[in-house]
Amino acid sequence: MEAGVIGLGAEHLDGKEYAVVSETIGAAMEHGMNMMDVFMPGSDVRRKIGRAIKNNREKFILQGHIGSTDINQQYDISRDVATCRRYFEGLLADLGTGYIDFGMLFFIDSERHLDEVFHSGVVKYAEDLKRNGVIRAIGASSHNPVIARKIVETGIVELLMFSVNPAFDMMPSEKDVLDCVEGGFDKSVMLGMDAKRMELYQTCEKLEIPITVMKTLGGGKLVSPAHTPFARPLTVGQCIHYALTRPAVASALIGCRSGREVEEAVACLTADPASLDYTEAIRGMGAGFQGSCVYCGHCQPCPAGIDIAAATKYLDIALLDADVVNMGAGQHYRELAAHGSDCVRCGSCESKCPFSVPIIGNMERAVQVFGV
Ligand code: SF4
Ligand code: SF4
């Protein structure tokens, strides 16, 4: 399965007229946004989506969630297998499709959720769906980096949907990011990149488990002048660029509500790279970044043609786990157009890096680790 780097989160189509659903999905298809998340449990929106993709089902990679229900309130969670089955079969029927690409184990944010899903009939139900060809692969969704790492290390899950944006990445892993989406960000705890989140991304890259990103715009707060925790709001393009430059991220999903919003999202793919630079926003948040690469690309261009952000990303992954030197990250590193061994120590990058990363030393380290 090959996903476009920008995908569609269909949540905001809930409650919309069919014309809006059809226009948004039509624009997404036109622009190669083929990854679509449909977690909503209500039949009305799912039927409209089914109608909109009816003649183009195979052009989409759908995420459908096992355990997403609307029993007690609009959006609810169930771990009861019979209920999960009823809603998942309802999803297939509403969409008018015989299969879902990723059957997602829904909303696993705590040890209790982990236990409920992986030590119950829910995971067995997902495995049966896969065995019977009703889903092509098993995924899972989470907002908690510690729990998400445990999920991907089960060996059962082939894709992770995770909440990624620069504000969440600066929050301690024990904080519930959804509280910030509801109640606003607490800037006093946002002091640097949270190590647990970085480890999650690196683990996914190592295990070759792709991440699809939810909350790319922090529920809209990061692009809102009134709600952004940063000195100024980020742009949609900057948020997408940030998500796509994390290790393992395959597709950043955006909750578009119109063809115009689809076009606004994909515009970043052809935008001036300078307009996507998010470093100013991050730099103003505290001293916790000094020396750590955030893969922003601000240090480019390199006269030797090294993609410094990518080379450093693969180096960081290899430093976490030497096993990847001859596979995954190591392979990706070797496929880069230029390598640490091409560095001429001009220092141009170090003078531009806002986070004082010892880039020349990193390039030397990359040569020691990868051999080139
Ligand atoms: S070395 Fe610095 S400027 Fe370059 S990608 Fe990393 S953090 Fe950004
Ligand atoms: S010091 Fe090396 S990595 Fe940095 S810009 Fe110069 S050649 Fe490129």
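Each value in this text was obtained by applying a stated rule to the coordinates, not by laboratory testing. For clarity, every value in this text was computed on a predicted model and none was experimentally measured. In this analysis, Cβ positions are derived from the backbone assuming ideal geometry, glycine residues included, and neighbour counts consider all displayed protein chains.
A few remarks follow.
- Highest-MSF residue in the chain out of GLY219, GLY50, GLY347 [GNM, Cα springs under 10 Å]: GLY347
- Hydrodynamic analysis of region 1-67 uses the Kirkwood radius over alpha carbon pairs. Inserted into Stokes-Einstein at 10 °C and 1.306 mPa s, it gives a translational diffusion coefficient of 134 µm²/s.
- Rounded to the nearest Hz, the phi-derived 3J(HN,Hα) couplings of region 327-344 under the Karplus curve 6.51 cos²θ - 1.76 cosθ + 1.60 (θ = phi - 60°) are 8, x, 4, x, 5, 4, 4, 5, 6, 5, 5, 9, 10, x, 5, 7, 5, 9, where x marks glycine and proline.
- Overall Cα dimensions of region 235-300 - principal axes, largest extent first, Å: 41, 23, 22
- Between the C-alpha center of region 114-128 and that of region 152-166 there is a gap of 16 Å.
- The alpha carbon radius of gyration of region 1-116, expressed as a multiple of 2.2 N^0.38 Å, is 1.05.
- Cut-off 15 Å (backbone N to label point 7 Å along Cα→Cβ of ASN72), residues of region 106-128: 113
- Rotationally averaged projected area of region 308-370 (alpha carbon convex hull; nm²): 4.0
- Each Lys or Arg adds one and each Asp or Glu takes one away; over the other residues whose Cβ falls under 15 Å from the Cβ of PRO229, this sums to 0.
- Rg over Rh for region 6-272 works out to 0.94, using Cα positions for both radii and the Kirkwood form for Rh.
- Packing-based exposure ordering (other Cβ within 10 Å, fewest first) of VAL81, VAL123, VAL213: VAL81, VAL123, VAL213
- Backbone phi angles across region 295-308, fed through the Karplus curve with coefficients 6.51, -1.76 and 1.60 (θ = phi - 60°), yield HN-Hα couplings of 6, 7, x, 4, 7, 6, x, 9, x, 8, x, 7, 7, 5 Hz in residue order; Gly and Pro are listed as x.
- Using only alpha carbons, region 80-142 has a radius of gyration to Kirkwood radius ratio (Rg to Rh) of 0.96.
- Taking the average, over residues, of other Cβ atoms within 10 Å as the packing measure, peptides 57-70, 332-345 rank 57-70, 332-345 from highest down.
- Note: relative contact order over region 308-370, using C-alpha pairs below 8 Å and six or more positions apart, is 40 percent.
- Candidate lysines - alpha carbon under 24 Å from LYS313, same-chain residues fewer than 8 apart omitted: LYS150, LYS196, LYS206, LYS215, LYS352
- Interchain or long-range residues, amide H under 5 Å from LEU8's placed H: MET35, MET36, ASP37, ILE254
- Across region 203-352 the C-alpha pair distances fall into 10 Å bins from zero in the proportions 10, 34, 36, 17, 2 percent.
- In summary, region 182-264 shows an alpha-carbon radius of gyration equal to 1.18 times the 2.2 N^0.38 Å reference for compact globular proteins.
- Relative contact order (%) - criterion: Cα under 8 Å, at least six apart; region: the chain: 14
- With only Cα atoms counted, region 154-203 has Rg and Dmax values of 12.1, 37 Å.
- Centre-to-centre, using Cα atoms only, region 278-333 and region 182-248 are separated by 16 Å.
- The 3J(HN,Hα) values that the Karplus relation (6.51, -1.76, 1.60; θ = phi - 60°) gives for region 355-372 are, in residue order, 10, 6, 6, x, 5, 4, x, 5, 5, 5, 5, 4, 5, 5, 6, 9, x, 9 Hz. Gly and Pro appear as x.
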